[in-house]
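See below for the structure under consideration.
None of the figures in this text is laboratory data; all of them are computed from the coordinates on show. Worth saying up front: this structure is predicted, and the values here are computed from it rather than measured. Positions of Cβ are generated from backbone atoms using ideal geometry, with glycine treated the same way; all protein chains shown enter the neighbour counts.
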Amino acid sequence: MQLFNQAIWNNSESDGYEPLLSEKGLVNVEVGETDLPDNLTRDTLELPKLSEPELARHYTRLSQMNYGIDNGPYPLGSCTMKYNPKFTEDIAAFPATAVHPDRDSESVQGTLEVYLKLQENLGQIGGMDAVTLQPPAGAAGEFTGILIAKAFHESNDESKQRNEVIIPSSAHGTNFASAAMAGYEVVELPADSDGRVDLDALSAAVGDSTAALMLTNPNTLGLFERNIQEIADIVHKAGGLLYYDGANLNALLGRARPGDMGFDIMHYNVHKTFATPHGGGGPGAGPIGVKQELKQFLPTPQVRETDNGYELFEPDQTIGKVHGAMGNWLVLLKAYAYISRLGNEGLRDTSAKAVLNANYLASQLDLEIPFRPFHHEFVASAGEQDAADFAKRMLDYGVHPPTTKWPETVREALMTEPTEAESKKTLEQLATAFNAVSNENFEALEQAPNRTTAWRIDQTSAARNPRLSWQHLDK
Ligand SMILES: *Cc1c(COP(=O)(O)O)cnc(C)c1O
């Protein structure tokens, strides 16, 4: 029996929707006379009636019902759920940062300066010549980048013929979706036996119909594509462009640059690499960088510096706008603060620790890790156990599980990325949870989790139709 773990409203079907904590006549704060319309007063709105301590406990309880990066490690492979320092939040919360998107350029010179400097920083980090900050997520960056590839082929009168985008079978689902949304046929590329791009298969796949190859490096198994220059040559010789999915940039920061590897377009997952918490649908940012010859296709507006200060302009052959204003400003500001604070050396240190942490954690695990040498993440196999059950059981040990069942090249995949933010001790605690679960029987796994607020939820409907207020939906 739980005495103090009640919802404000009981929303079980059988009992109807009776208020549980609410008590007639209880008042939290006396509002006194207001000029609110009658239909918005406390009595007519039927808000739950609670005392202040009960209300405070209710919200504290709610905050503890979920697991987040401030509760413990969050080793979701490919997602980079790292700890993001609070100083960037403080900077974003600074009152002067609240600028209306319709303000004229002269009155927001400081904001435009940050935009331009962040673009320059990202360009340097990725080895790209020009950057737009507009796309609000990595997936939106992919879509924008593929539209730019399309505009490039259109400008060469090759758009009709180049109707295919090549994507490795192990790629993130958004790559396939972005290419399809931009109107392309997707050609899936199998991996070779060591988990990397199969050069023969690539040579066979490219041709006059190739618009682009989308790739991440290190790939989703954490493996560096050693043949990247050969890959770039094959695609470029066929007249296609190379798109870099930047979700794994944490492995390379300050050490290698997609632009130097031959990529023409890339996105940066600001909320994975540069300090913005993510999850729950955002907000994030997915700026993209391009090489010189693609600059004129970037979304509008772009910022530039003139003798009279910073101003906005429209690139010659722009693909148009992909987001309101100039992107998610406060997320971008956090990224700028983070990059400025870390500097070159800090960013280099980040990638060293991301790779070291993944390798140290892996060295502590009893599980099989078929593909090596990996960088910032690895994919372990749950073997005979079901990876989804394995993950649910990890919750009972108080840690968030890794990404499961992807990529499919590893049986019952546990895709794990501890990130650079975790300490040696935390990595050892994580390893203890992995190893404990790997030694448990099927029943223990099937019944898990036992210590969470909710048992197994329908992940699709929980994401599509979340219940975010005290109000029930169906009555
Ligand atoms: C996260 C991720 C994406 C998509 O990025 P979002 O910012 O979540 O839209 C694309 N590719 C890979 C490999 C990723 O991990």
Completion exercise
Footprinting proxy, Glu230, Glu33: sorted fewest to most Cβ within 10 Å, the residues are Glu33, Glu230
Problem - Leading residue at positive end of dipole, the stretch 333-383 (Cβ point charges), from Thr350, Pro370, Tyr360 - result: Thr350
Practice task
Please determine, in degrees from 0 to 90 and to the nearest 10, the orientation of helix 387-396 with respect to the longest principal axis defined by the Cα atoms of the chain, where the helix direction is its Cα long axis.
Solution key: 40 degrees
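How much FRET efficiency would the formula 1/(1 + (r/R0)^6) give for Gln109 and Arg341, where r is the Cβ-Cβ distance and R0 is 22 Å, rounded to 0.05?
Here the calculated transfer efficiency is 0.45.
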Handout entry: Rounded to whole Hz, the Karplus (6.51, -1.76, 1.60) HN-Hα couplings of the stretch 232-240, x for glycine and proline
Key = 4, 4, 4, 5, 5, 4, 7, x, x
Fill in the blank from the handout: Once phi for every residue in the stretch 59-71 is put through the Karplus expression 6.51 cos²θ - 1.76 cosθ + 1.60 (θ = phi - 60°), the whole-Hz ³J(HN,Hα) values, with Gly and Pro written as x, are 6, 5, 4, 4, 5, 8, 7, 10, 10, x, 5, 7, 9
Practice task
Under 10 Å from the Cβ of Thr419, count the other residues' Cβ atoms, weight Lys and Arg +1, Asp and Glu -1, and hand me the total.
Solution key: -1
Fill in the blank from the handout: Other residues with Cβ under 10 Å from the Cβ of Thr216 give, with Lys and Arg +1 and Asp and Glu -1, a net charge of -2
Completion exercise
Rounded to the nearest 10, the angle in degrees between the Cα long axis of helix 138-155 and the longest principal axis of the Cα atoms of the chain comes to 30 degrees
Exercise for the section: Please turn the phi angles of the stretch 310-321 into ³J(HN,Hα) values with the Karplus equation 6.51 cos²θ - 1.76 cosθ + 1.60 (θ = phi - 60°), one per residue in order, whole Hz, x for glycine and proline. Expected result: 8, 9, 9, 8, 9, x, 3, 10, 3, 7, x, 9
Exercise for the section: Let me know the charge dipole size of the chain about its Cα centre in debye, to the nearest 20, where only the beta-carbon of Lys, Arg (+1) and Asp, Glu (-1) is charged. Expected result: 760 debye
Completion exercise
At the level of C-alpha centres, the distance separating the stretch 182-246 and the stretch 290-346, in angstrom, is 28 Å
Completion exercise
Taking 0.36 nm per residue of separation between Asn435 and Ile457 and subtracting their Cα-Cα distance, the length gained on full extension comes to 5.4 nm
Practice task
Report the extension gain between Leu40 and Phe87 in nm, rounded to one decimal, defined as 0.36 nm multiplied by the number of residues separating them, less their alpha carbon distance.
Solution key: 13.1 nm
Fill in the blank from the handout: Counting only DSSP beta bridges fully inside the chain, the antiparallel percentage to nearest 5 is 60 percent
Exercise for the section: Go through 395-403, 92-100 and give me the packing order, highest mean Cβ count within 10 Å leading. Expected result: 395-403, 92-100
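Holding the Cα-Cα limit at 23 Å, pick out from Lys272/Lys353; Lys272/Lys405; Lys353/Lys405 the pairs that are longer than that.
Violating the 23 Å limit, Cα to Cα: Lys353/Lys405.
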Problem - Protection proxy ranking, peptides 65-74, 141-150, average beta carbon neighbours within 10 Å, highest first - result: 141-150, 65-74
Practice task
Please give the helix 329-363 orientation as an angle from the longest Cα principal axis of the chain, in degrees from 0 to 90, rounded to the nearest 10.
Solution key: 90 degrees
Fill in the blank from the handout: When Ser209, Ser381 are ranked with the fewest other C-beta atoms within 10 Å first, the list becomes Ser381, Ser209
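Grab the Cα-Cα distance for Thr97 and Asp208, subtract it from 0.36 nm times how many residues apart they are, and report the gain in nm with one decimal.
Numbers: separation 111, 0.36 × 111 = 39.96 nm, distance 4.84 nm.
Taking 0.36 nm per residue and subtracting the Cα distance, the gain is 35.1 nm.
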Handout entry: the chain: equivalent-ellipsoid semi-axes (sqrt of 5 x gyration tensor eigenvalues, Cα, Å)
Key = 41, 32, 21
Exercise for the section: Could you list Thr273, Thr60 in order of exposure, starting from the residue whose Cβ has the fewest other Cβ atoms within 10 Å? Expected result: Thr60, Thr273
